[in-house]
Amino acid sequence: MNATIPVPSARRSAGLAMLLLGASLGCTAAGIPKSTPQNADAQFGGQCVEALASGHHTMTDCSVNWTAKDGKLYCFKDAAAKTAFLANPAEALERARSFIAAGNVQSTEQAMQDFEGSDAEMLVKRYIQNRSGANAGIFALEDPLTGEHLDLVYDDIDFTRTIDGYGFFPDVKFHERKDAQKKYLIDFWVLPQNGQLLVQETRIYKAPMQVEGAWTLVTRQPVPWWWIPASEHPGHVAQKRGWEVMSAVEQDVLRQSLKGNGVFNLKDEKTGKDLQLSFIDTHQPIRQLDDNGHYFACTDFRAVGTRDQIYDIDFWLSEKNGAMTVDQVRVHKVPELKDGHWIQVPRYSFKDLGDSHVVP
């Protein structure tokens, strides 16, 4: 399984410097679900088509819209934009499509310059509203760590952090439907793709834990990789950072899972069995092998349909022409039932891989 993932420069924007002050498998990329008539099937992901025609990205709530003769729905930021568009819709649409096409060839870092954190927040709010609206006000989520099904109620967006080249990360406050004191902070990973913002992944950042009879928010360990750059120094670096390797791994997992309708499919090279897996997390720290320079990352996956059958899957990566590439994926540990409990049994040890060092 090979996948090439562009690796942007290590430059940070001012938004990165504000990560801690500023405001994400089993996961699949998703835009705005189809649920409310107001934005169902909206073209350009609900962006203002007149703004696109003028060379700008502007997210809307689609309350001002227009349906063409072919049935396609277009959204506008306000009535004035709609009036300007309808003066010559054919020409405006052509300009909008050309602008979107030009954006398709931009790198993520460049494409992010066309959006702001507020655009990502609007997208996430609409995404939550539509999913909850189709489920009696409940935002359903599976906890990848425990396998527990969560019925959550949306409260508010806490803050949004921005990492150049990697996306926007709105951090959203929820509470458990049956107990408002059980609160969660959920990260949403938002990326620009094909000229529009899309929700790539959700990740629990903080979960409730009972301490002295009261529920307290506790940070999950290990923390999501996108928190790590907050402690990094800005500027160009020759050596890849651990969080960049983790990002490459998770991008590859997302891409492969999309091909399997949310399932990461992997053939066990020892048994020949086709494994159906759901991603949990990437281990920290990341290591680099001394003999060949390959980066090495361990990950946890759950067997689909189970709660306690956890696989440890290893990824080997290398940097080629500025791109981080997944070169090899192997099963490191397999779940076996011992005395009524599932445990992980290793097939090889780190010593078998040779000398290595931690990637900071």
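The values are calculated or read from the model by the stated rules, or taken from the named source; none is laboratory data. Please read all numbers here as calculations on a predicted model, not as lab measurements. Here the Cβ is made from the backbone with ideal geometry for all residues, glycine too, and neighbour counts use every protein chain on show.
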Scan the range 267-279 for residues that are part of a strand (DSSP E or B) and surrounded by fewer than 20 Cβ atoms within 10 Å (Cβ to Cβ) and jot them down.
267, 274, 275, 276
Counting only residues that are touching a helix residue (DSSP H, G or I) at 6+ places or on another chain (Cβ under 8 Å) and of a type outside the set (Gly, Ala, Ser), which one in the range 130-152 is surrounded by the fewest Cβ atoms within 10 Å (Cβ to Cβ)?
138
Could you tell me whether residue 52 is in a helix (DSSP H, G or I), modelled with pLDDT of 85 or more, under 29 Å from the mean Cα position of the chain (by Cα) and crowded, with 16+ Cβ neighbours inside 10 Å?
yes
Checked pairs for the range 137-151, first under 13 Å from residue 304 (Cα atoms) and not assigned by TED's automatic domain parsing to the domain that holds residue 221, second at pLDDT 90 or above and not in a loop (DSSP other than H, G, I, E, B), C-beta under 7 Å and 6 or more apart or across chains, list as none
Hits in the range 138-170 (condition: among the small types (Gly, Ala, Ser) and touching a strand residue (DSSP E or B) at 6+ places or on another chain (Cβ under 7 Å)):
140, 147, 167
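Residues checked against (1) surrounded by 14 or more Cβ atoms within 10 Å (Cβ to Cβ); (2) in a helix (DSSP H, G or I); (3) modelled with pLDDT under 90:
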position: 229; (1), (2), (3): yes, yes, yes
position: 236; (1), (2), (3): no, no, yes
position: 244; (1), (2), (3): yes, yes, yes
position: 261; (1), (2), (3): no, no, yes
position: 301; (1), (2), (3): yes, no, no
Mind listing whichever residues of the range 170-219 are touching a Lys or Arg at 6+ places or on another chain (Cβ under 7 Å) and charged (D, E, K, R)?
173, 176, 183, 187, 206
Taking the range 323-360 and keeping residues on the phi > 0 side of the Ramachandran plot and not acidic (Asp, Glu) leaves 340, 354
In the range 59-77, anything more than 16 Å from residue 130 (Cβ to Cβ) and not in a loop (DSSP other than H, G, I, E, B) is listed as 64, 66, 67, 74, 76
Name the pairs: first residue in the range 270-281 and among the basic types (Lys, Arg), second residue surrounded by fewer than 14 Cβ atoms within 10 Å (Cβ to Cβ), Cβ to Cβ under 9 Å, at least 6 apart or on different chains?
273/267
Determine which member of the set 91, 109 is surrounded by 14 or more Cβ atoms within 10 Å (Cβ to Cβ), assigned to a helix (DSSP H, G or I) and not aromatic (Phe, Trp, Tyr).
109
Yes or no: residue 168 buried (at least 20 other Cβ atoms within 10 Å of the Cβ) and either under 11 Å from the mean Cα position of the chain (by Cα) or not in a strand (DSSP E or B) (or both)?
yes
Do we find a residue being small (Gly, Ala, Ser), assigned to a strand (DSSP E or B) and over 21 Å from residue 59 (Cβ atoms) anywhere in the range 129-138?
no
